[in-house]
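To keep things clear, I will list the structure first and then write my remarks on it.
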Amino acid sequence: MDMLTTLAQADLPAAMAPATLAHYLFLSAAMFAIGLIGFLTRRNLIVMFLCTELMFQAAGIALIAFSRFHMEQTGQTFVIFVLTVAAAEAALALALVVLLFRRRDSLDAEQWSEMKG
């Protein structure tokens, strides 16, 4: 049984080096920071939406990097679910942005900070 397992795993690539993992995590942290800063400083609803998408992608890169480092597929599988949620969020957010633009002809978040009931 042990020889069969060894033969089945002969095609697998080598595990990721810690230095490479650090590079991917730095890229992920930088992307997340850019997305967070963009979300907090911009008031345009489309830019805020794009910044949240950037943060989703940064989290996905970190999950894939850790998954590859530990030679498991759990992180990669979880990224599939994150992308599914991001796609659903993108569809809803875009529909909401179009609706809000039709109501006030502006995408400035300050105009929408106070809703009328």
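Each reported figure results from applying straightforward, stated rules to the coordinates on display, with no laboratory input. In this text, all values refer to a predicted model and were calculated from it rather than measured experimentally. Methodologically, a virtual Cβ is constructed for each residue, glycine included, from the backbone with ideal geometry; neighbour enumeration extends over all protein chains shown.
By the Kirkwood approach, averaging reciprocal distances over each pair of separate Cα atoms, the range 18-105 gets a hydrodynamic radius of 14.2 Å. What is the sum of charges, Lys and Arg at +1 and Asp and Glu at -1, for the other residues whose Cβ falls under 14 Å from the Cβ of LEU50? Summing Lys/Arg as +1 and Asp/Glu as -1 gives 0.
For the range 18-105, the relative contact order is 27 percent, taking Cα pairs closer than 8 Å that sit 6 or more residues apart in sequence and dividing their mean separation by the residue count.
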